[in-house]
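Novice: Pasting in a structure now, in structure tokens, and then I'll have a few things to ask.
The values are calculated or read from the model by the stated rules, or taken from the named source; none is laboratory data. Here the structure is a predicted model, which means the values were calculated and not measured. Here the Cβ positions follow ideal geometry from the backbone for every residue, glycine too, while neighbour counts run over all protein chains shown.
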2 protein chains.
Amino acid sequence: MSKAATELAKTRDEFIAQWGVMGTQWGINRTMAQIHALLMTAVEPLSTDEVMAALDISRGNAHTNLKELVNWGLLRIVTKKGERREFFEAEKDVWEMFRRIMGERKRRELDPALNVLTRCKEETAGLKSAEAKAFHQQMTELEDFLSFAAKMGDRASSMPQNKVMQLAMKLLG
Amino acid sequence: MSKAATELAKTRDEFIAQWGVMGTQWGINRTMAQIHALLMTAVEPLSTDEVMAALDISRGNAHTNLKELVNWGLLRIVTKKGERREFFEAEKDVWEMFRRIMGERKRRELDPALNVLTRCKEETAGLKSAEAKAFHQQMTELEDFLSFAAKMGDRASSMPQNKVMQLAMKLLG
DNA sequence: CGGTATTTTCAGGAAATTCTGAAATAGATG
DNA sequence: CATCTATTTCAGAATTTCCTGAAAATACCG
């Protein structure tokens, strides 16, 4: 391998390793983040065995996390003709990646939180004590805020990128 | 305790428990989320011992997580005159809470990610192969996107709430 | 000071999460 | 349908994260 190619490989490995660390801080597991980093910077789709080899992980681990990334919409499965194996390819467009992550996090985190808040709000709607009123009010404010955030997220991710950029520029202006 | 007061206590406990579960999914630990929920819905500041009793947790656990929440800016320490103990009080304004969380997450998660991306970008800036160029380009796009997001976050959280609402309404329009 | 109340730290244990490796299943091919 | 290849599942091991309880440190008070 040439000097330059080694250099690139080293930096890429660093990126993969660090992205894994970031992942754990973001609340997703290290391997999943590393596979994502690996495929984001891959020139072409990789097979499960190639991922196993590149990251030195077991088949079960590679399989589970590849499928999880497919569920998140961050990878897609591609097939090569004459090949029976599945290959995995990352969504590389950053804006599209962001949309997918937003949507998935909303579904997994925001929506359940909203359910809890709505329920707690309703269960205390009729109570008359000052404590109960304060609690009910707090639930209402949290719910309003989160449902507002959810709507904004939906709206932003269903808009063409350039529209969002225009609006954002106004905000930054 | 009256029927209504029991009802309120039950709902509040449910809120605290569920908020704890949400916390784990959001990547923060269960106890920290529960303490936050407890204090968000407390009528007045609580001492460490009261938090321990309310959640049935050890002193070490209560202490560590209370201090961590203070670091996040989600709780403040208050003292009562004639009392030597510290009491903890939650920031209850939802918008302010959001600002604090945004700021802290940016500092802990976004900024380190940006450093990694910048380094990987710089280390491959001079390389000529098609692979290296693609890698460099991917790093650049990720960096641009995240630094843009960071700026937006900063901007939004340093604006008065009503300004943000106005802009948001336009976006939702 | 000496005594007491409170906060802080941290070693070791408990719990939760993640990973491995191998067995089971599914799918293709001749 | 026998065989080969690839995918999926999952019990138990490894690792990481979290919590307890007690000891150490700190702050206050007479």
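Novice: Tally the residues that are more than 23 Å from A:Phe148 (Cβ to Cβ), away from chain A (no Cβ under 12 Å) and touching a helix residue (DSSP H, G or I) at 6+ places or on another chain (Cβ under 8 Å), restricting the search to segment B:72-120.
Specialist: The qualifying residues number 7.
Novice: Also: Quick test for you: out of B:Lys121, B:Lys106, B:Lys80, B:Lys128, pick the one residue that is closer than 20 Å to B:Thr41 by Cα and among the basic types (Lys, Arg).
Specialist: Step by step, each of B:Lys121, B:Lys106, B:Lys80, B:Lys128 is checked, and only B:Lys80 is closer than 20 Å to B:Thr41 by Cα and among the basic types (Lys, Arg).
Novice: Looking at B:Thr48, is it away from chain A (no Cβ under 13 Å), without any contact (Cβ under 8 Å) to a residue 24 or more places away in the chain and within 14 Å of DNA strand C (Cβ to nearest atom)?
Specialist: So B:Thr48 fails the test.
Novice: Out of the residues in segment B:34-45 that are touching a residue at least 24 places away in the same chain (Cβ under 8 Å) and either of a type in the set (Asp, Glu) or within 10 Å of chain A (Cβ to nearest Cβ) (or both), state the one that is farthest from A:Gln25 (Cα to Cα).
Specialist: B:Glu44
Novice: Could we say that B:Thr6 is within 12 Å of DNA strand D (Cβ to nearest atom), farther than 30 Å from B:Leu142 by Cβ and either at pLDDT 95 or above or more than 16 Å from the chain's Cα centre (by Cα) (or both) here?
Specialist: Answer is no for this residue.
Novice: Next up: Criterion first (outside the structural domain of B:Glu44 (by TED's automatic domain parsing), without any contact (Cβ under 8 Å) to a residue 12 or more places away in the chain and over 26 Å from A:Thr6 (Cβ atoms)) does B:Arg107 satisfy it?
Specialist: Judged against the criteria, B:Arg107 is a match.
Novice: Of A:Thr24, A:Thr31, which residue is within 13 Å of DNA strand C (Cβ to nearest atom) and crowded, with 16+ Cβ neighbours inside 10 Å?
Specialist: A:Thr31
Novice: Being assigned to a helix (DSSP H, G or I), among the basic types (Lys, Arg) and either within 16 Å of DNA strand D (Cβ to nearest atom) or in contact with a His (Cβ under 6 Å, 6 or more places away or on another chain) (or both) is the filter here, so list the residues in segment B:71-120 that pass it.
Specialist: Result: B:Arg105, B:Arg108.
Novice: Every residue in segment B:1-33 that is more than 17 Å from A:Asp111 (Cβ to Cβ), of a type in the set (Val, Ile, Thr) and more than 7 Å from chain A (Cβ to nearest Cβ), please.
Specialist: B:Thr6, B:Ile16, B:Ile28, B:Thr31
Novice: Let me ask you something else. With (1) surrounded by fewer than 13 Cβ atoms within 10 Å (Cβ to Cβ); (2) β-branched (Val, Ile, Thr); (3) within 10 Å of DNA strand C (Cβ to nearest atom) as the list, and B:Val43 as the residue in question, which single condition is left unmet?
Specialist: Only one criterion is unmet by B:Val43, namely (3).
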